[in-house]
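Q: Please see the structure below; I have some questions.
Readers should treat all values here as calculations from the given coordinates under stated rules, not as data from a laboratory. Everything quoted here is computed from the prediction, not taken from an experiment. Positions of Cβ are generated from backbone atoms using ideal geometry, with glycine treated the same way; all protein chains shown enter the neighbour counts.
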Amino acid sequence: MGGRGADPGAARTVVAVVGIVVAAAAVLSPAAAGGLGKEAAALVAIRAALHDPGQVLRGWDPKSGDPCHWNMVTCYGGHVQELSMTQQNLSGTLSPAIGRLRSLTYLSLRQNAISGPIPETIGRMKLLQVLDLSSNQFSGSIPSTLSNLENLQHLKLNNNSLSGPVPDSLATARMIFTLDISFNNLSGPRPTFLASNVVRSMMMVWRKWAKGSGKVMRMVSRAMRDSWSSFNLNFQNYKEVSLGHLKHYKFKEMRNATNNFSPRNILGEGGYGIVYKGDLPDGTPVAVKRLKNHDSVVGDDQFHTEVEVISLAVHRNLLHLIGFCIANNERLLVYPYMPNGTVASKLKECVNGEPTLDWPRRMRIALGASRGLLYLHEQCDPKIIHRDIKASNVLLDEYLEAIVADFGLAKLVDHGISHVVTTVRGTVGRIPPEYFMSGHASEKTDVFCFGLLLIELVTGRETLELRQNEYQKGGILEWARDLLEQNQLSSFADKKLRNSYDSVELVKMIQIALLCTMYSPKHRPRMSEVVTMLEEGDGVAEKWEAMKNVEEPDPDESAYRAINYDEDQSTSIELQAVELSGPR
């Protein structure tokens, strides 16, 4: 760097970056200086190589200490496991330091303007399951080291400027079952995909071999939906079939695992199925969902939807599917067993007089569920609308982390489509007005339901129906708004908390809940905004002040009175669309 032709400015930049990296390791506590300290230094180096005009990475600063609290960083077990940096207006290059994040399981840089080569060092992240670098400006070849990622299930490199051949080793990778390398400048012979891998790779996307030429090949997600019936027949003709990481169980195995579907093994029951605790022969505990109406069109639709959606969606805060069973008229889905049950059940529990879910855990659950929904809405292709978000459909793992579950009512929607018109389904008392009255379902349908989930977390109520003489001017949302305006939210918080909560965070939670449940879907925030509000808290009060006086049309009284709010809140039901005389 000291030669005559050296650029002094560049030298200063290098020195500054090195200084920042060293400082990152220095300011962390001695306990974190090993694993987490190195990860913080890697994140700082990654930030230094990126151009960030929106300053979304401004918090990636060693002076702020623990990187687990940095924006778009998610940690589990004291290590960085997720980086979700989708559509953040980032450019620059991706630093090879990314390979130092050895605990990373999820990396998404989708829809930015990052250029340069894909670092070979990514191949060092042995735990990586999802790698989405799509819709950027990456150039150079596809690193052959990607085939070293033994746990990689979803790889999306489409819509870049990659060139050269596709590594043969990538075609034989056993775990990959979503692969999209379309819309690049790739050349050379097409790699040969093993037939067994093609069976696994139902979600293989190969829309174009080279930019501007080639044929549409193998299977697009929409084609999967169209061919589900014939694929279902193929399932029944194979003795053993795997779909990616999904195992096809025999009915006898499921019967033995659940002690012949003993009532003692029932974990829960919804409108479409009963969930049983089961134990596989190797001792692995599982949850087995046995669909009701399994011999009906509706029951089969439920089954197909859950298999398809959960195969598409892989995220830390979404329930993943282990396997399935098709036998005669039986349809069963096999999930990991969640030892802590649902948020709804845990909200009722107390241990030694203290609530199992204290205030910090409730805040963490809200953030985890919001991240799962953000992934469904903005990081899945096609996007997914859940349509039945509520505390009884959010599970808790062994660390009491939120896991969004029950995708039986989910709808897959192509990006660019604002909404779909569908039969009204959901849970009584939790259906947004536009969906109830016109059948219009969109991401904002989930946002509305998420707002009600926040109300559940704050109040700890089994039902959102108000008790007699509790509030006479409207429902629970109107009551929350009045108490917020009167600065009396202490009477709204769960009595089990005994005032052991952060009053500032309580106000923020209610403000976010009310923003999410605005009457008009266009006035509700996107889930990306909700996640930001929950993570940072900045600007929530200002957003509420700006929106609280937005004139909202009065809901059609007769339509809402037609719903019996005293129904069992845990039941998902199908409601007939209601014809209205027109907008009010």
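Q: Which length gain, in nm to one decimal place, applies between residue 266 and residue 358 when the Cα-Cα distance is subtracted from 0.36 nm times their residue separation?
A: Working: separation 92, 0.36 × 92 = 33.12 nm, distance 2.70 nm.
The residue 266-residue 358 span can extend by a further 30.4 nm.
Q: Sequence-distant or interchain residues sharing an amide H contact under 5 Å with residue 59, placed H: which?
A: Counting only residues 5 or more places away or on other chains, the set is 71.
Q: Considering only the other residues whose Cβ falls under 10 Å of the Cβ of residue 496, what net charge follows from Lys and Arg at +1 and Asp and Glu at -1?
A: On the way: positive: 348, 495, 498; negative: 349, 354, 358, 494.
Net charge in that neighbourhood comes out at -1.
Q: Still on this structure: With r defined as the distance between the Cβ atoms of residue 141 and residue 93 and R0 fixed at 22 Å, what FRET efficiency is calculated, to the nearest 0.05?
A: Working: r = 16 Å, r/R0 = 0.71.
FRET efficiency, residue 141 to residue 93: 0.90.
Q: Put a dot 7 Å past each Cα toward the Cβ at residue 350 and residue 490; how far apart are the dots in nm?
A: Reported label-point gap for residue 490 and residue 350 is 1.9 nm.
Q: Hey, another quick one. Going Cα to Cα from residue 277, which lysines come in below 23 Å? Please leave out same-chain ones fewer than 8 positions away.
A: Straight-distance partners of residue 277: 247, 250, 252, 289, 292, 346, 348, 390.
Q: Here is a follow-up. Straight-line reach from residue 63: which lysines have a Cα under 19 Å away, not including same-chain ones fewer than 8 places off?
A: Correct list for residue 63: 38.
Q: Could you order peptides 275-282, 262-269, 124-131 by the average number of other Cβ atoms within 10 Å of their residues, highest first?
A: Values: 275-282: 16.6, 262-269: 13.5, 124-131: 20.4.
Going by the mean number of other Cβ atoms within 10 Å, highest first, we get 124-131, 275-282, 262-269.
Q: Same structure again: Which ³J(HN,Hα) values, rounded to whole Hz and listed in residue order, are derived for region 351-363 from phi using the Karplus coefficients 6.51, -1.76 and 1.60 in 6.51 cos²θ - 1.76 cosθ + 1.60 with θ = phi - 60°, glycine and proline given as x?
A: 10, 6, x, 10, x, 4, 9, 6, 5, x, 5, 5, 4
Q: Evaluate the distance, in nm, between pseudo-label points positioned 7 Å from the Cα of residue 478 and of residue 520 along their respective Cα→Cβ axes.
A: 2.1
Q: Under 5 Å between amide H atoms, partner at least 5 residues away or on a different chain: which partners does residue 331 have, H built in plane at 1.01 Å?
A: Correct list: 291.
Q: Could you tell me the calculated FRET efficiency between residue 218 and residue 168, based on Cβ-Cβ distance and R0 = 22 angstrom, to the nearest 0.05? Write out the running numbers ahead of the final one.
A: Details: r = 17 Å, r/R0 = 0.76.
With R0 = 22 Å, the Cβ-Cβ based efficiency is 0.85.
Q: Amide H of residue 268 versus every other amide H placed in the peptide plane: which residues, excluding those fewer than 5 positions away on the same chain, fall under 5 Å?
A: 275
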